[in-house]
1. Keeping every protein chain present and rolling a 1.4 Å probe, give me the accessible area per residue for the stretch 192-264 in Å².
2. Which order do peptides 198-204, 256-262, 167-173 fall in by mean Cβ count within 10 Å, highest first?
3. Report the Stokes-Einstein translational diffusion coefficient (µm² s⁻¹, integer) for the stretch 21-150, Rh taken as the Kirkwood radius over Cα pairs, at 37 °C with viscosity 0.692 mPa s.
4. With θ set to phi - 60°, apply the Karplus curve 6.51 cos²θ - 1.76 cosθ + 1.60 along the stretch 154-169 and write out the HN-Hα couplings as whole Hz, x wherever there is a Gly or Pro.
5. Taking only protein heavy atoms and a 1.4 Å probe, what accessible area per residue, in Å², does the stretch 17-168 have with all protein chains in place?
6. For T86, which sequence-distant residues (separation of 5 or more, or a different chain) have an amide H within less than 5 Å of its own amide H, given hydrogens modelled in the peptide plane?
7. Once you charge only the Cβ atoms, +1 for Lys and Arg and -1 for Asp and Glu, what is the size of the charge dipole of the stretch 52-91 about its Cα centre, to the nearest 20 debye?
8. Using the crude model of +1 on Lys and Arg Cβ and -1 on Asp and Glu Cβ, and no other charge, please compute the dipole size for the stretch 167-240 relative to its Cα centre, in debye to 20.
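The values are calculated or read from the model by the stated rules, or taken from the named source; none is laboratory data. Since the structure is predicted, the reported quantities are computational estimates derived from the model, not experimental observations. Because the Cβ atoms are built from the backbone with ideal geometry, glycine has one as well, and the counts that use them run over all protein chains shown. We work out accessible area using only protein heavy atoms, side chains counted, and drop any ligands, DNA or RNA first. Shrake-Rupley method; radii C 1.70, N 1.55, O 1.52, S 1.80 Å.
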Amino acid sequence: MDQESDNNNQRCMQLLGHPCLLALPSRLSPVSLTRTLASRIPSETNYSLLLVDGRGYNCSRCLFSSHCRGCEVLSGSEVILQAGDTLCVRFTSLSPDQRHILASTTDHPSLNDMRQNVPLTLYDCLRAFTQSETLEETDSWFCPKCERKQPATKTISVWRYPPYLIIHLERFLFHGTMSTKLDDKVIFPLDGLDVSDYVASEASTSQLYNLYACVCHMGVAQAGHYTAFARNPVTGEWHHFNDDSVTRQKPREEEYSTAYLLFYHRQGTKFDLNLPEHFTCMESGLGKDMIDCEEDMACTSGADSSNFTGPPPSLTHAAGVEVVEEGPPHPPVFQINKIIDNLNNVCEKDNSMEE
């Protein structure tokens, strides 16, 4: 049900009824498709057919960034269905009786036992990851003695967790040419993730972890949009990175269904920030391209160079051209890249220099 509006923010779309499985050829005429759907659509209703993904909210053909609700199916002389296409019947107006007909399907009582009313937690994922599983016949174990495939079980055990733990939530499933995006909620803690129950050895170190970054994915398996959350190591404040927009915001409940990568570090882990302490741009003896390096770097970094600190680059003379040494480890990236770029321009004019 799609109520039309010129303003996309005021459009209201609602899924009605229940999914229906149809056996259709990959190529058929619009008349044949309309005849097949006639018995399943309330009479005297105006509708259109759209190609959408399995969730029904986005087009299965267009990229996620195009914000297409679904391409028209009956617009051509032939309907060609592809893997991943779902047919969506789009209405713009329905009477109460017609709504009742679409939603008249009832659930079998056995479905209540299969539904999961409680959302998953990260501990459920760790428990499933370390549980034993029986290998299917196609993945059975090959015995080196009898040289035959035998039924077996497989168990993954973690002997020791690293100081920095990166957890990948499997959001994308691929079955041949079909792909599916999983939007199940997975509740994860920001602080105090305890993995002591999921380690095979007797650990002597702390098994508590704090989240310091998170990558999220919105969209479908074919296309989507990535955002990230990161915690400042000095102030402890959370920031949300969405393209060129950065806001102070910590992961919320909405991220439970979009979180894709979780970055944890063990509590008490010592790490060096390697923050630059002082940054200057020495101008003595520099070529024309390097004289304005301070202004260039300020424009490139989007901030005034006086706000950056770090060791100044050392300059030595060689054949009348200034050579830049990289200096101590972990220098500001923009500092080295900018000076090396300018140095290359100078070296092109002087064949005596080597990179």
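1. 52 Å²
2. On the way: 198-204: 11.3, 256-262: 19.7, 167-173: 14.7.
The densest-packed peptide leads the list: 256-262, 167-173, 198-204.
3. Values: Rh = 19.5 Å.
It comes out at roughly 169 µm²/s.
4. 10, 9, 9, 10, 9, 7, 8, 8, x, x, 10, 10, 10, 10, 9, 7
5. Numbers: 11130 Å² over 152 residues.
For the stretch 17-168, the solvent-accessible area averages 73 Å² per residue.
6. Residues meeting the amide H criterion: V52.
7. On the way: 4 positive and 4 negative charges, 36 e Å.
Its charge dipole is roughly 180 debye.
8. On the way: 4 positive and 8 negative charges, 72 e Å.
So the dipole magnitude of the stretch 167-240 works out to roughly 340 debye.
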